[in-house]
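Asker: Mind having a look at this structure? Questions to follow.
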Amino acid sequence: MDGAGRVYVAWQDCRFRSGCTANDIVYSTSLDGVTWSAVTRVPIDPVTSGVDHFIPGIAVDRATSGSSAHLALGYYYYPVSSCNSSTCQLTAGFVSSLDGGATWTPPTRVAGPMTLSWIANTDQGRMVGDYMSTSFTGDGKAHPVFSWAKALDNNVSCSHTTVCRQRLATATFDITPPQLSPRVKSQTGPVFLLPKSPKKQKRPARLVTAN
């Protein structure tokens, strides 16, 4: 929520990708929780990139508001969406905005890539959990918090019989200095609608969020 009381909600969504082949991070805002803005795509990369983004954690600096609101967004992504449980490379990324989401910085890789066999295995599949959150501190700096895993000795898989090397980590970003690369404008269209009975997508099961 920004300083004027505007709420920002972000989630993963494939509506901007033809054929729903991968997810973008999108968001909407509201001042009253009843009326919401049009769904807006965060332009992390082109819609033809093949990169799949998911589990966002968005933050707003409450010392800012309106068209000058400072936003920070942490998220996970697969650099190649058409991967499987053996080839997917889980990576954490970060982007930010100084104008209420009108434009965004180019993405920064924060952690990874991580092989899925490094992360916790459950009866519901590999699980990175809900562990993505972003917060601003009083100095105006943004801090994404994410799950970070490393390879186990002898390249064994993380399981209930091994000691996994997965932990929470954080990073610090001062989002106010001028960017060396130009910022990218947000997108509200075109939107691709799925058919009433969409074909089952040939993509790996999403990392299941923990309750």
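The values are calculated or read from the model by the stated rules, or taken from the named source; none is laboratory data. It should be emphasised that the depicted structure is a prediction, and the values quoted were computed from it without experimental measurement. FYI the Cβ positions are ideal-geometry reconstructions off the backbone, even for glycines, and counts take in every protein chain you see.
Asker: From the residues in the range 117-132 that are surrounded by fewer than 17 Cβ atoms within 10 Å (Cβ to Cβ) and either aliphatic (A, V, I, L, M) or touching a residue at least 60 places away in the same chain (Cβ under 8 Å) (or both), which one is nearest to ARG167 (Cα to Cα)?
Answerer: By that ranking, first place goes to ASP130.
Asker: Just to check your reading of the model, which residue among ARG165, ARG183 is closer than 22 Å to ALA92 by Cβ, over 21 Å from the mean Cα position of the chain (by Cα) and either modelled with pLDDT of 75 or more or not hydrophobic (A, V, I, L, M, F, W, C) (or both)?
Answerer: ARG165
Asker: Being over 14 Å from SER37 (Cα atoms) and crowded, with 18+ Cβ neighbours inside 10 Å is the filter here, so list the residues in the range 1-18 that pass it.
Answerer: ASP2, GLN12, ASP13, CYS14, PHE16, ARG17
Asker: Let me ask you something else. Give me the residue from the range 123-149 that is β-branched (Val, Ile, Thr) and part of a strand (DSSP E or B) and, out of that set, nearest to SER65 (Cα to Cα).
Answerer: THR134
Asker: So how many residues does the range 146-163 have that are of a type in the set (A, V, I, L, M, F, W, C), within 21 Å of VAL110 (Cα to Cα) and surrounded by fewer than 17 Cβ atoms within 10 Å (Cβ to Cβ)?
Answerer: Residues flagged as of a type in the set (A, V, I, L, M, F, W, C), within 21 Å of VAL110 (Cα to Cα) and surrounded by fewer than 17 Cβ atoms within 10 Å (Cβ to Cβ) within the range 146-163 amount to 1.
The rows are residues; the columns are (1) on the phi < 0 side of the Ramachandran plot; (2) in contact with a helix residue (DSSP H, G or I) (Cβ under 8 Å, 6 or more places away or on another chain); (3) not aliphatic (A, V, I, L, M).
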residue	(1), (2), (3)
ARG17	yes, no, yes
ASN23	yes, no, yes
SER28	yes, no, yes
GLY50	no, no, yes
ALA72	yes, no, no
SER85	yes, yes, yes
GLY100	no, yes, yes
TRP104	yes, no, yes
